[in-house]
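Chemist: What follows is a single structure, and I will ask about it in a moment.
The values are calculated or read from the model by the stated rules, or taken from the named source; none is laboratory data. Remember, it's a predicted structure, so these values are computed and weren't measured experimentally. Heads up, the Cβs are rebuilt from the backbone with ideal geometry, glycines too, and the neighbour counts pull from every protein chain shown. For the accessible areas, the whole protein counts, side chains as well, though only heavy atoms, and no ligand, DNA or RNA atoms are used. Shrake-Rupley method; radii C 1.70, N 1.55, O 1.52, S 1.80 Å.
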Amino acid sequence: MASIIMAIGLLMIVLATATTIVAAQSIRHCRESCGDLKVPYPFGMDKDCYLGENFPENKFPWQIGILKQVPSMAIGILIVLVVLATTTTVVAAQSAAHCRESCGDLKVPYPFGMDEGCYLGEKFFITCNESYHPHRAFLTTGNVEVTNISLDDGELSVSQFIGRDCYDQNGVQTNNWQPSLNLSLYTVSSTKNKFFAVGCDTEAFVQGYRGTEVFATGCISWCESISTFNESCSGVGCCQTSIPYRMKNITVSVNSYYNHTDIWKYNPCSCAFVVDEKKFNFSRTSFKDLRKVKELPVVINWAVEDESGKTCSDAEKSSDFACKNNTKCIDVKDGSGGYHCQCLTGYHGNPYHRDGCQDIDECKIFSNPCNPGKCHNLPGNWTCTCPKGSKIINGTGCSKKDAIDQSERVLILYIALANELEGLVNLDKHPWGKVDLCGEENEYLLGSTSNTYENSSGKSGFRSSGTAIVGHDSSLEVGFVTSEKRHITCTKVL
């Protein structure tokens, strides 16, 4: 019985809603615009023409017409549902509005976030420490500072401490710092970073994990004076090596062979570090400069899901697929996760927002790509309307037509404009041999009057009006064209 009552109640609500819309929309006296502004229902300007609380006589639209016959209980339920829906919408909007988008100088785009409900999973949580001025952002709840977030590349720039090994003039070790970078949810980029060691009595290694396996690489730098090395990092005063693929939780170690005893005056410390290779250039001043530097930028990779996560083909079938409208899914193969998202070509924005990838209006951002024509923007592309005398190129550009469009001609000009050919050619005795006229004169150009003639002595030739000889690439057909009438006569060598 309860289910029957519920069904009846739902039916009445549907009927009430449908009748409200029909009743309001069917009233012909409802004005639909105000100046240039279109005013669609549920907005309105006349009695019984809009859905809301501020209207004439404090009447709801469902009080008109046939709806007066609907039982008051159904109407009450409908009012409650409308209020609840409105309240839910407002709460959802306020929830999105409270998400902070920056921390100090760092932009924090979704799927990263700093507030509850504003980020996609644990690895995307950013802690904004407001005790610093300016504020500083840190990865998850740790002490790894984030300095840049790239959505397109699936990368983060983070700060990592420099490893040091220092001695006094007696060869006593004063500092040996071996920093670690714990990245269980990310990987160190093997394509953007390099491992460097700087010093004249230096042995350095970087160790990391790939799953449960331990990997390490390193290099040795040696020199007896600053004058022995140049500006290149090639083993004298500085050495470098590539980072192993898919490294996580890295640790840098640096040591000395002879405690810097013979080089202490100009090189009391050795340094070792992983760094974005674009952010470090070795020079003769690096020994001194690195004494003032505590951290350097490192590029790490991130992706949606973890190592056991879904690839694009699997993720696209799931309800929690992270790539939204006008995007493409990119499988990540660097060990940092399953996939990341990019806007399609011709779109820009945040591919993780529902409508984050917006069309690029190429007609506005470029300096008229259709010049001398008119540009028309399309979703993800553009097209051109070309003026008379121009032709369209690949649909996205205009070009002036050549005086003779070779692609539309069978004959190709080989020799341009012979000034005087009158009486020069006797077709019967010409070295080409005996010639016959082609079956039809080819009139690709304007004009129809032939410029061939026969004089009183019976010799044939051409009128002296500026004649050019034309021919065909793959045959022995030869034509004659004059600039006066733009007429072609085709002959064939026998």
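Chemist: Taking the Cα-to-Cβ direction at residue 365 and at residue 41 and moving 7 Å from each Cα, how far apart do the two end points lie in nm?
Modeler: The modelled label-to-label distance comes out at 4.1 nm.
Chemist: Sequence-distant or interchain residues sharing an amide H contact under 5 Å with residue 103, placed H: which?
Modeler: Sorted by chain and number, the residues that satisfy this are 108.
Chemist: So, one more: Using R₀ = 41 Å, calculate the FRET efficiency as 1/(1 + (r/R₀)^6) where r is the Cβ-Cβ separation of residue 131 and residue 232; round to 0.05.
Modeler: Details: r = 42 Å, r/R0 = 1.03.
It comes out at approximately 0.45.
Chemist: What list of ³J(HN,Hα) couplings, whole Hz, do you get for the range 138-146 from phi and the Karplus terms 6.51, -1.76, 1.60, once you set θ to phi - 60° and write x for glycine and proline?
Modeler: With the stated coefficients, the range 138-146 comes to 10, 6, 6, 10, x, 10, 8, 7, 9 Hz.
Chemist: Taking θ as phi - 60°, what are the ³J(HN,Hα) couplings along the range 277-284 by the Karplus curve (6.51, -1.76, 1.60), each to the nearest whole Hz, with x for Gly and Pro?
Modeler: Karplus values, whole Hz, x for Gly and Pro: 5, 7, 9, 9, 10, 6, 8, 5.
Chemist: I would also like to ask the following. As a quick test, which of the pairs 123/292; 194/288; 123/328; 248/328; 107/288; 278/328 have an alpha carbon distance above 24 angstrom in this structure? It would help to have the intermediate numbers written out before the result.
Modeler: On the way: 123/292 32 Å; 194/288 21 Å; 123/328 22 Å; 248/328 27 Å; 107/288 33 Å; 278/328 28 Å.
The pairs that break the limit, which is 24 Å between Cα atoms, are 123/292; 248/328; 107/288; 278/328.
Chemist: Turning to a different aspect of this structure: Rolling a 1.4 angstrom probe over the protein heavy atoms, how many square angstrom per residue are accessible across the range 240-292? Kindly include the intermediate steps, with their values, before the conclusion.
Modeler: Details: 2880 Å² over 53 residues.
For the range 240-292, the solvent-accessible area averages 54 Å² per residue.
Chemist: Ranked highest first by the average count of other Cβ atoms within 10 Å around their residues, in what order do 179-189, 346-356, 126-136 fall? Don't jump to the answer; show the numbers that get you there.
Modeler: Numbers: 179-189: 20.9, 346-356: 17.2, 126-136: 13.5.
Averaged packing, sorted descending, gives the order 179-189, 346-356, 126-136.
Chemist: Applying a 10 Å radius around every beta-carbon, put 117-123, 259-265, 297-303 in order of their mean neighbour count, most first. It would help to have the intermediate numbers written out before the result.
Modeler: Details: 117-123: 15.0, 259-265: 16.6, 297-303: 24.0.
Ranked by mean Cβ neighbours within 10 Å, highest first: 297-303, 259-265, 117-123.
Chemist: Here's a follow-up. Just order 232-241, 283-292, 198-207, 138-147 by mean Cβ neighbour count inside 10 Å, highest at the front, would you?
Modeler: Put in order of decreasing packing, that is 198-207, 232-241, 138-147, 283-292.
Chemist: Convert 4 °C to kelvin, take the viscosity as 1.567 mPa s, use the Kirkwood radius over C-alpha pairs of the range 227-320 as Rh, and evaluate the Stokes-Einstein diffusion coefficient in µm²/s, rounded to a whole number.
Modeler: Numbers: Rh = 17.0 Å.
After rounding, the answer is 76 µm²/s.
Chemist: If you rank 32, 277, 213 by how much accessible surface each has, with a 1.4 Å probe, what is the order from largest down?
Modeler: Values: 32 135, 277 70, 213 110 Å².
So the residues, ranked largest to smallest area, are 32, 213, 277.
Chemist: If I model a spin label at residue 116 and residue 33 as a point 7 Å from the Cα along the Cα→Cβ vector, what separation in nanometres do I get?
Modeler: Label-label distance for residue 116 and residue 33, simple model: 4.9 nm.
Chemist: Sticking with this one: Output ³J(HN,Hα) for the range 198-210: one whole-Hz value per residue in order, computed from phi by the Karplus curve 6.51 cos²θ - 1.76 cosθ + 1.60 with θ = phi - 60°, and x for Gly and Pro.
Modeler: With coefficients 6.51, -1.76 and 1.60, one gets 10, x, 9, 8, 10, 10, 9, 9, 10, 10, x, 10, 10 Hz.
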